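Here's the structure we're looking at; comments come further down.
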Amino acid sequence: MKYISLFIVTPIMLFLFLILITDPANALGGIFIYLLIMFARHLYDRYKNRKSNHEKDSGK
């Protein structure tokens with residue numbers, strides 16, 4: 001639930017800004033790139049947390 005602003009509100013605001021300065025195709029491309037980066041960051045954070053929990057449990 002804490003990622004709601006990252007994946008819903010921010011892309012809408014970014015799209016509205018980009019549509020003012022460029023055409024709709026480029027605005028959608030910018031939103032797509034933003035969502036890919038945010039999703040990759042989310043997956044990397046989950047991976048780091050899982051790895052640190054695994055290392056804690058294994059006693060290293």
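The values are calculated or read from the model by the stated rules, or taken from the named source; none is laboratory data. All figures in this text were calculated on a predicted structure; none of them were measured in a lab. A quick note on method: Cβ atoms are made from the backbone with ideal geometry, for glycine too, and the neighbour counts reach across all protein chains shown. Calculation scope for accessible area: heavy atoms of the full protein, side chains included, ligands and nucleic acids excluded. Shrake-Rupley method; radii C 1.70, N 1.55, O 1.52, S 1.80 Å.
Restricting to segment 47-60, count the residues that are at pLDDT 90 or above and polar (S, T, N, Q).
Qualifying residue count, segment 47-60: 1.
I'm told residue 13 meets every condition in (1) surrounded by 10 or more Cβ atoms within 10 Å (Cβ to Cβ); (2) touching a helix residue (DSSP H, G or I) at 6+ places or on another chain (Cβ under 9 Å); (3) at pLDDT 90 or above; (4) not small (Gly, Ala, Ser) except one. Can you identify the failing condition by its number?
Evaluating residue 13 over (1) surrounded by 10 or more Cβ atoms within 10 Å (Cβ to Cβ); (2) touching a helix residue (DSSP H, G or I) at 6+ places or on another chain (Cβ under 9 Å); (3) at pLDDT 90 or above; (4) not small (Gly, Ala, Ser) leaves (2) as the failure.
Show the residue pairs meeting these rules: Cβ distance below 6 Å; 6+ apart or different chains; first residue within segment 21-46 and at pLDDT 90 or above; second residue assigned to a loop (DSSP other than H, G, I, E, B) and among the basic types (Lys, Arg).
Note: no pairs meet the criteria.
Take the conditions loosely packed, with under 13 Cβ neighbours inside 10 Å, among the aliphatic types (A, V, I, L, M) and in a helix (DSSP H, G or I) and apply them to residue 6. Does it pass?
no
For segment 18-31, state whether one or more residues are in contact with a Gly (Cβ under 9 Å, 6 or more places away or on another chain) and either open to solvent by 100 Å² or more (accessible area, probe 1.4 Å) or in a helix (DSSP H, G or I) (or both). First the steps, then the outcome.
Pass one, segment 18-31, residues in contact with a Gly (Cβ under 9 Å, 6 or more places away or on another chain): 18, 22.
Retained after the next criterion (residues that are either open to solvent by 100 Å² or more (accessible area, probe 1.4 Å) or in a helix (DSSP H, G or I) (or both)): 18.
The answer is yes, given that some residue of segment 18-31 is in contact with a Gly (Cβ under 9 Å, 6 or more places away or on another chain) and either open to solvent by 100 Å² or more (accessible area, probe 1.4 Å) or in a helix (DSSP H, G or I) (or both).
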